[in-house]
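Written below as structure tokens is the structure these notes are about.
The values are calculated or read from the model by the stated rules, or taken from the named source; none is laboratory data. Just so it is clear, the structure is predicted and the values come from calculations on it, not from any experiment. No Cβ is skipped: glycine too gets one built from the backbone with ideal geometry, and neighbour counts run over all protein chains shown.
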Amino acid sequence: MQSRSATLTGLAFCTVVCLLAAAPPDGLRSNRTGAVPVHSQPRDSQSLSSLAIYDPNPNHLWNRLFRQFYVRKAWDGRDYGGDVLDPLLWGETHYLITGASHQQALSVLDEFLSSQGERLITDPLKRAMLQRDLWAVFDWATDPLYEEAKHNRTELARKLGLAIKRLALSPEQIQALPDTYSLAVAAKAFPNVYDHNQRETAFLPPNLLQPGSGRVNLGTAGEGFPLASGAPVHTQEFGARSLFLVFIRLPGGRDGTLAYIKQLADFPKPCIQAPELPSGQPYFLTRDPITGGGTGTGGMVPNPDLPQFPRGTQVLLLRRMMVIDREGQLRPTRLVESVQIQVFVDIPSRAEWLAAPSKLLQDVFEFRLSRRKLFAGDAGGLRAVARDEWEFRTFGVRPFDQLEGGPGANASMGTLSDAEHRPPRILNTCAGCHGAPGVQSLAATRRLFGQGTCSALKFYATSAEEQAEETIDWKHGQYNWGLLQGLWLSNAD
């Protein structure tokens, strides 16, 4: 499959460098990233206006810079965003590339660049986080699929790229950034085992990356795959700015888990041609447990006879932050952005699943990074997502902006403050892609999102280091990475 962003050719790279180099200097300014879920309950406008993330002073330049990109006012008059993982930006968003918001973004970036704002805070942890926050906006603004307000996008991206460079850390500083998962476990803020008698209580398993752990790092590979990753769709949707690691644990422990992975790898026919069903019914690859709706038809689909793992199996998706060092090189960190856990409490047959799509098959838990908690040294910065917490999704959704246009543009949403019309709860969204029984929930999305040739699908045991190399190699071939590198080379400051 072709990657979502086109590969930057040598000619295009040179063109980009020349265009960026010709842009006006920071002090002489003349008179838009989609994806991982975004969140959540609206915040009071007054409290948001004084939101202080990077410094206790709400008017600190870093706080104003962060708010410009991570806090938005919707058509219902309320503010959304704040201390969330990803900016509320979609492919067709006008915010930041047109009107007053564009000028405001340029103005605060100009202030940051002209006043050497990167020197206001020297804490490597905060510098890494702000670079990460601005990098997500840069990738959104330079998405080659969207051409509206091209000049404004280029102008915004140029200033963002310079700020990203100014915030870069040395390799030694990056290596010294904390292992926030271990800190969260050590804080004992959450249980460390799943309790089937308290199925709504989030837990955080220890020793995740330790040698001999019962949780095995799972990778996937196959002909046509854009990258060998346990979560290739997540990696692509977030532009390889995060390292995604998938871990699986069977009730039999590490030996049983490794034996099962080998059984999967040796299975001769992991995918089959989708059978034709009567009355034109589609062959569902995944089915929403709430609505009963399904997606994915035709072509090669996961084989329903794939070796099944037992009830009680746990799958964990770890998202770790990537940064760019002072030499312009990608570096994985040990800063955890999110942890998603599935516990398979029931694994019916495919026929039973299709007959009762609303039946609960998994207990789902999630932890997300809070900058406030991270900077305060609280539980590695991780917080458990509440059962009733909802979000505006940016991952795997259509490109229209959910905050623009007013009720006339999307009448089905009602008012955003109306609970009846709110977007889905966060913990319900995983089942949209991973709701099938057992191993089918892992295999289904590869074909669902067009990830290569399903007939060549293979699972294997991997490592964080190998997955990091794969992620970095994939990012190096992306259009927006070529743009950023060209910008850095043409603006040595």
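Structure values in brief
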| item | result |
| --- | --- |
| Scope region 121-130; condition surrounded by 18 or more Cβ atoms within 10 Å (Cβ to Cβ) and aliphatic (A, V, I, L, M); matching residues | Leu125, Ala128, Met129, Leu130 |
| Neighbours by Cβ (under 6 Å, 6+ apart or cross-chain): first from region 118-144, farther than 22 Å from Gly477 by Cβ; second among the hydroxyl-bearing types (Ser, Thr, Tyr) | Lys126/Tyr54 |
| Test for Thr154: is it β-branched (Val, Ile, Thr) and either within 23 Å of the chain's Cα centre (by Cα) or not in a helix (DSSP H, G or I) (or both) | no |
| Helices (runs of 4 or more DSSP H) within region 1-120 that include 3 or more residues surrounded by fewer than 16 Cβ atoms within 10 Å (Cβ to Cβ) and modelled with pLDDT of 50 or more | 99-114 |
| Yes/no for Pro282 being at pLDDT below 60 and part of a loop (DSSP other than H, G, I, E, B) | yes |
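Conditions (1) hydrophobic (A, V, I, L, M, F, W, C); (2) surrounded by fewer than 23 Cβ atoms within 10 Å (Cβ to Cβ); (3) within 14 Å of Gly230 (Cβ to Cβ); (4) modelled with pLDDT of 90 or more, marked per residue:
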residue: Gln451; (1), (2), (3), (4): no, yes, yes, no
residue: Gln467; (1), (2), (3), (4): no, no, yes, yes
residue: Trp474; (1), (2), (3), (4): yes, yes, yes, yes
residue: Trp488; (1), (2), (3), (4): yes, yes, no, no
residue: Asn491; (1), (2), (3), (4): no, yes, no, no
